[in-house]
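The values are calculated or read from the model by the stated rules, or taken from the named source; none is laboratory data. In this text the structure is predicted, and so the values were computed from the model without any measurement. Cβ coordinates were reconstructed from backbone atoms using ideal geometry, including for glycine residues, and neighbour counts include every protein chain displayed. These area figures cover heavy atoms from the full protein model, side chains too; ligands, DNA and RNA do not enter into them. Shrake-Rupley method; radii C 1.70, N 1.55, O 1.52, S 1.80 Å.
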Amino acid sequence: MEKRLLTIAITSYNRPRELVRCLESVDSSKVNLFEVIISEDKSPKRNEIRQCISDIKKEVPYPIIDNYNSENLGYDRNLKQLINLSNSEYIMFISDDDCLVKGALDVLLDDLSTIKTGIYYSPFYNREFNNFGRYYKSSHIINNGKRYLEKHIYDSILFSGLCFKTELIKNLDAEPFLNKNYFQVFLFMYALNFSNGYYSNNFLIDCIGDGENGYGSSASAEKNELLVNRKSYLSNLQFHIGLIWVIKYFDSLYHTNYFINFEKEYNLHTFTGLYTAAKIGKKELNSYWEKLNSLDIKINSISKIYYFLFLKLPVNKVVSFLLVIKKILYKMRHQL
């Protein structure tokens with residue numbers, strides 16, 4: 001098989017309609033430079049997904065390779081399956097319920113043809129919150145090493161749009177990551193720890209995210225309801241268990257100490273979860289605070305201030321103030 005510049009690697013689970021929408025967003029005249037690989041993770045709607053892929057193959061000019069796992073691998077190991085299946089110089093992940101921004105794929109392909117880097121990524125538009133994620137003022141090289149990796153770890157939370165040099169991550173093992181849901185964070189840390197990266201301010205991903213979350217309902221995730229129901233105010237803490245584990249696992253494996261800075265960064269981000277719980281009620285706020293403190297991470301004064309204000313004052317009296325403070329602190333840590 002001819003080696004291509006890029007594999008667009010799509011994880012698929014139980015979302016045929018969203019998958020078709022994702023595939024239809026792949027627009028480029030450079031069809032000789034990329035391939036699309038879909039790895040379906042043995043979901044209840046497998047037959048419907050298979051038919052959708054068969055139909056769209058007849059309509060699109062680019063090659064589609066569809067893979068159907070014989071068992072439910074789970075999110076992390078399905079990412080590894082896509083890496084194994086790729087024969088391209090680079091691999092870019094995207095969820096089946098996200099889309100590519102019109103015209104952005106050609107920019108990505110042009111960049112990858114000229115910029116040699118271990119990891120490439122760009123901002124995304126989040127429809128749910130009507131805002132932009134991992135956005136910086138301008139395109140720039142990201143040097144490898146502790147200072148730069150610490151600054152950018154949170155850029156890896158959304159895996160859609162993360163583009164890696166395939167050879168760099170080909171031999172990394174996903175087996176320890178079952179139910180962690182953050183294998184891409186490990187890949188990101190590895191790439192920036194051992195190679196340079198590149199950030200492009202070309203918006204690549206339209207993060208729609210309106211499909212059914214299949215992680216928790218799948219066999220591999222042991223039907224964890226807090227992974228299924230992302231609308232629960234406690235759901236994000238279940239995912240954070242995996243995120244914290246991944247950072248510590250990386251440190252233990254490569255004798256680094258990224259978790260120290262991540263711990264500080266994490267406390268800045270506790271605002272969102274505390275705010276969500278506080279909007280529901282004081283009981284939910286206290287429940288969230290209790291479970292937050294049970295995580296394997298030190299909760300510092302920033303989180304305590306968030307909690308105290310939400311506990312003592314009406315949400316609508318403090319939220320604007322906290323949002324301003326949060327944005328200022330975030331810019332201080334991420335301003336170029």
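Rolling a 1.4 Å probe over the protein heavy atoms of the chain, with every protein chain left in place, gives an accessible area that is 52 percent carbon and sulfur. Rounded to the nearest 0.05, what FRET efficiency is calculated for residue 254 and residue 157 with R0 set to 25 Å and r the Cβ-Cβ distance? FRET efficiency, residue 254 to residue 157: 0.80. Here's how it looks for residue 90: its modeled amide H is under 5 Å from those of 6, 7, 166, which are all 5 or more places away or on a different chain. This model, with +1 at the C-beta of Lys and Arg and -1 at the C-beta of Asp and Glu, gives the range 25-78 a dipole about its Cα centre of some 80 debye.
Placing 137, 282, 248 in order of accessible area, with the largest value first and a 1.4 Å probe, yields 137, 282, 248. Looking at the chain, the DSSP beta bridges with both ends there are about 35 percent antiparallel.
Remark: the chain carries 46 Å² of accessible area per residue (probe radius 1.4 Å; ligands, DNA and RNA excluded). The residue 68 and residue 282 beta-carbon pair, evaluated with R₀ = 51 Å, returns a calculated FRET efficiency of approximately 0.60.
Dividing the alpha-carbon radius of gyration of the chain by the rule-of-thumb value 2.2 N^0.38 Å gives 0.99. If only the Cβ of Lys and Arg carry +1 and only the Cβ of Asp and Glu carry -1, the dipole of the chain around its Cα centre is close to 1380 debye.
Approximating the spin labels as points 7 Å out from Cα along Cα→Cβ, the residue 20-to-residue 135 distance works out to 3.2 nm.
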